[in-house]
1. Which value in deg cm²/dmol, rounded to the nearest 500, describes the helix-derived mean residue ellipticity at 222 nm for chain A, given -39,500 (n - 2.57) per DSSP H run of n ≥ 4 and division by the residue count?
2. Could you tell me the extents of the range A:352-413's C-alpha atoms along the three principal axes, largest first, rounded to whole Å?
3. Suppose every K and R has +1 on its Cβ and every D and E has -1 on its Cβ; what is the size of the dipole of the range A:279-524 about the Cα centre, in Debye to the nearest 20?
4. Note down the relative contact order for the range A:279-524 as a percent, whole number, built from C-alpha pairs under 8 angstrom at least six residues apart.
5. Measure off, as a whole percent, the carbon and sulfur share of the 1.4 Å-probe accessible area of chain B, all protein chains present.
6. What number results when the radius of gyration of chain A, computed over Cα atoms, is divided by 2.2 N^0.38 Å?
7. Kindly report, to the nearest 10 Å², the accessible surface of B:K57 as traced by a 1.4 Å probe over protein heavy atoms only.
8. Solvent-accessible area of B:H35, probe 1.4 Å, all protein chains present, reported in Å² to the nearest ten, please.
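The values are calculated or read from the model by the stated rules, or taken from the named source; none is laboratory data. Computed from a predicted model, the values in this text were never measured in an experiment. All Cβ positions, glycine included, derive from the backbone under ideal geometry; neighbour counts span all protein chains shown. Surface areas here come from the heavy atoms of the whole protein model, side chains and all, with no ligands, DNA or RNA. Shrake-Rupley method; radii C 1.70, N 1.55, O 1.52, S 1.80 Å.
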Amino acid sequence: MDALTGLGPFLRLVLRRDRVRLTLWFGLAALLIIGIAASIGAVVPTDEARAAYAEETNRSPAEVFMIGRINSATVAGIAVWRVQGLAALLLGLAGAFTVIRHTRTAVEDGYRELLGAAALGRLTPLAASVATALGATLATTAAVTAGYAALGFPATGSVLAGAQFFAAGAFMTGVGAVAAMAAATSRGAVGLAVGVLAVLYAVRGTADAAGLPALHRASPYGWLRSVQPFAADDGRPVLLVLALTAALLGAAALLGTRDVGGGLLPERDGRPGAGRWPRGPVGLAFRLNAGTLAAWVAAMGVFGALVAAVAGSAARQLAGGGALSGLVSGPDPEPAFIAFVAYVFAQVTTVYGIHTVVGLRGDETGGRAENVLAAPVSRLRWAGGALVVALTGTALIQLAFGAGLGVVRAAATGEAGQLAAMAAAALVRLPAVWLLVAVAALLYGAVPRIAGAAAFTVLGFLFLLELLVELGFVGSGVLALSPYARVPQLPVGPADPVPGLVLTGIAAALIAAGALLLRRRDLR
Amino acid sequence: MPVSNVISISGLRKSFGRTQALDGLDLRVRRGEVHGFLGPNGAGKSTTIRVLLGLLKADGGRADVLGYDPWHRAAELHRHLAYVPGDVALWPNLTGGEIIDVLGRFRGGFDPRRRDALIERFELDPRKKARTYSKGNRQKVGLIAALAADAELLILDEPTSGLDPLMEAVFKESVAEARREGRSVLLSSHVLSEVEELCDRVSIIRSGRIVESGTLAELRHLTATSVTATLATVPPDLAGLPGVSSVEVDGHRVRLRVDAFDAVLGALERAGVRSLTVAPPTLEELFLRFYGAHPEDAGAPAPAPEGPDAPGTPAPTRNGR
């Protein structure tokens, strides 16, 4: 049978299943990118203001690490700079998740077999999902180009800005395709794709902040940095990234001709019985989460070390410090940079906590919860297992991040006290992380069906808050809404224990309310 | 509630939005019996079981399992029962053996020899990761974990789906053994041979209520017997006789469906019987009748008599229960 038999019908199925998801994710990405561009003119209205803004930004290690340098101090140049990180993240994740969802996840859900029995080629799901992801990315980035042109931005730059965003999205679609074919589970595929994105993006940030042009060659995000729409206007890196994407898709197609359901590595046998643990629901939750948690701890430890390394060289290289979004300001750029990155990474750690709590819903609807709940285990003890893992897991991840920071800082400065100071900078943000975990727990008790989406929406809103404040959409006072801004911004400023205690108290109350609601509702 | 009932449900109601899943359900399972719980797909079997496990809260009515209210005292109740769903879902990254042990520990541990014997009997490889198990192997994990538990009551919701005939036989053996040990079983099943072999009594649910309950013999009693006869002369008025529901005539051969024999046997005798076959309703016929859209039309009497098998049931069943 032809490897692509049934492409048309399968494509229609993908579009039918994902019409809301695709419209929301890609539509919001386009709106966000164009909306921010439209607002830049008001934020920095004059040439002088723009020049000062670009100057200040390019001297701020945090901004350079997170987003990159401003290459053109025009409205268009600042607009494309401001969203390039966000666009790479949004479009990249959307592309990778779309492919994984219709290939690896479909195998797990078993409906791939249902379709395989119908006339369906071996590579049809891969081709259809890649076509969907690339098509949606192309539509989004074409809309961005049209939007930029409508805003009066130069035509060449508008096209290249769209092309740059498209290349970033297409690259992660390719990574998602390889991950989906190589990993044995959809969770593993998602982890692999997100990990690749995080590492390559961090490589770009490190190269930018530490001023290491050679390092840019190691990451496609580094290649795309030299497109410089509205400045250098160089389209060649886009072609290079698209060539890499084509190679990735080819590799995925080769891997995809294997057996349906088989991973790259054969499944090894495990132990014939349980060891000394797990003994109870908490132990089971840890046992089930051990691999994921270990990966998070390792990754965040490495990120911490990386940030500390960059902070050191960036401070030597860049004189003076820019205001960090009205959040952190201090005379010394290095601690301010670390404080800002710690602020961002506390929200990244929260993803693990929320994911662990709302995973209960998957266990509930997937039928795995029944195994535990039909045993003499109350539903609160069952759900408590995941909650304990989420709370202690986020603490471990933050601790690893702080330790990574501290070890490198201590080595660089020769002050052993840096280790404790950096651990404190990470752990002081834990109550904010726990508050969001508690929100997820409350949502799971109250509205289980949408708990995951709602909890991540709250986190996403808080994440964007800093951007909105910076762009002047909302006053900096609104930042006080975010628990992440409420906690002391160590290592800058004093360590006040009160906000942390208050946030922990609120978190405990939310968890108690969630438990009450969980006890009262039906379980699927 | 009399102590002899391990499950006692009366007037149970549960709706999901506008769908009435359970509509005044009554069910009694006696201590020490294997009780078949039958009904078409979507009739409310799994909903009933989920109420019995305390996963769903009933909108109305009463449920009592082993003397516990399953909604308010689920964890205590579960010390005494074990459950196997129709589609056992497992944690993909644990092995079958690990899962069996972990679930056993939640119950306070079990006899490892019993566990090992069951693993051997069901021919499960406990070292394989759960994600590599087929449907049948996942069911085995659920069955072994439940049967190894020292539970008074087993609640089995279509537990053998996906098992091969060999393992199906092992399952029947294991349930028969549980019954000999004095355990009670609520068995939801579509496998008629399983029901016939194992169940002391059955309850049939349709549209959220029990339409019939009793021993299989009693249920057979409620369904027409099929009579085939070759007669010297075919009388013209057979269809008009009381107790006859359908008549087919083919030359001298007649096929009748008969609820009451008094008038029919006389009429046949007068017509001169050359040969006569009387067949009890098959299980399939029995269930199709109760599963069908209008069981009332067939004249099903209200609640079936409770008690031991009525003597003098009309015809021997295949297994002579």
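1. Mean residue ellipticity at 222 nm (helix-derived): -25500 deg cm²/dmol.
2. 56, 19, 13
3. Values: 15 positive and 10 negative charges, 194 e Å.
Charge dipole, the range A:279-524, about its Cα centre: 940 debye, nearest 20.
4. On the way: 348 pairs, mean separation 66.4, N = 246.
The value is 27 percent.
5. On the way: 7150 of 14080 Å².
Carbon and sulfur atoms account for 51 percent of the accessible area of chain B.
6. In units of the globular-protein estimate, chain A measures up at 0.99.
7. Answer for B:K57: close to 80 Å² accessible.
8. Estimated to the nearest 10 Å², B:H35 gives 0 Å².
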